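This report concerns only the one structure given below.
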Amino acid sequence: MKFNGAGIIQLPKKLDRRGNLSVIEGINHIPFKIARTYWIYDVPGGEVRGGHAYRQNQEFIVALSGSFDVILDDGKERKTYSLNRSYYGLYVPRGMWRQMQNFSTNALALVLASIKFNPEDYIYDYALFKELANEARI
Ligand code: TYD
């Protein structure tokens with residue numbers, strides 16, 4: 001599958017003069033059941049988050065406020081996604097190297113995850129990630 005199926009997913013958008021509303025249902029709008037929700041905020045200018053891959057965890061990342069870039073790498077190709085609206089997000093399949101950067105002031109990154117927090121799911125060594133990815137072992 002191209003780029004492991006990673007990409008932008010548009011979310012439902014209920015336009016209303018009282019204020020707009022968007023929604024995410026696990027399985028329905030994103031391709032996994034949501035096991036965990038976390039958010040990243042108060043990021044100082046120039047900081048980089050992530051810089052790792054997950055063996056099993058899948059994620060969906062939304063810029064609820066402000067903007068930031070997510071860089072994805074499948075071991076062969078690298079793509080940058082700019083997130084800056086709350087009505088779409090980036091699906092990050094398992095086994096992708098991922099990094100978040102260029103956070104604007106007041107950026108708020110919502111991350112929905114498919115598994116509970118497990119430090120053993122992380123790969124922090126890019127060379128190891130590339131080796132596993134290119135041998136289709138991740
Ligand atoms: P980490 O995943 O390394 O952050 P990032 O990839 O954005 O740089 O997590 C930072 C710290 O937070 C680390 O000590 C682990 C902890 N943490 C949890 O306890 N639970 C979680 O769900 C997450 C994502 C992180």
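The values are calculated or read from the model by the stated rules, or taken from the named source; none is laboratory data. Given the structure is predicted, the values throughout are model-derived calculations rather than measurements. Cβ atoms come from the backbone with ideal geometry, glycine included; neighbour counts cover every protein chain shown. For the accessible areas, the whole protein counts, side chains as well, though only heavy atoms, and no ligand, DNA or RNA atoms are used. Shrake-Rupley method; radii C 1.70, N 1.55, O 1.52, S 1.80 Å.
Residue selection: I34 satisfies the criterion of being modelled with pLDDT of 95 or more, outside any strand (DSSP E or B) and within 14 Å of the ligand (Cβ to nearest atom).
Right, E77: closer than 19 Å to I8 by Cα, away from the ligand (no atom under 12 Å from the Cβ) and either modelled with pLDDT of 95 or more or not basic (K, R) (or both) or not? Yes.
The single condition among (1) open to solvent by 50 Å² or more (accessible area, probe 1.4 Å); (2) more than 21 Å from E77 (Cβ to Cβ) that I8 does not satisfy is (2).
Filtered by the rule that a residue be crowded, with 19+ Cβ neighbours inside 10 Å and not in a helix (DSSP H, G or I), the range 112-138 gives L112, A113, S114, I138.
Only a single criterion out of (1) outside any loop (DSSP other than H, G, I, E, B); (2) more than 14 Å from the ligand (Cβ to nearest atom); (3) within 12 Å of the chain's Cα centre (by Cα) is not satisfied by R94, namely (1). A count restricted to the range 58-91 and to residues that are open to solvent by 50 Å² or more (accessible area, probe 1.4 Å) and in a strand (DSSP E or B) stands at 5. Looking only at the range 37-56, residues that are open to solvent by 70 Å² or more (accessible area, probe 1.4 Å) and either away from the ligand (no atom under 12 Å from the Cβ) or at positive phi (or both) come to 6 in all.
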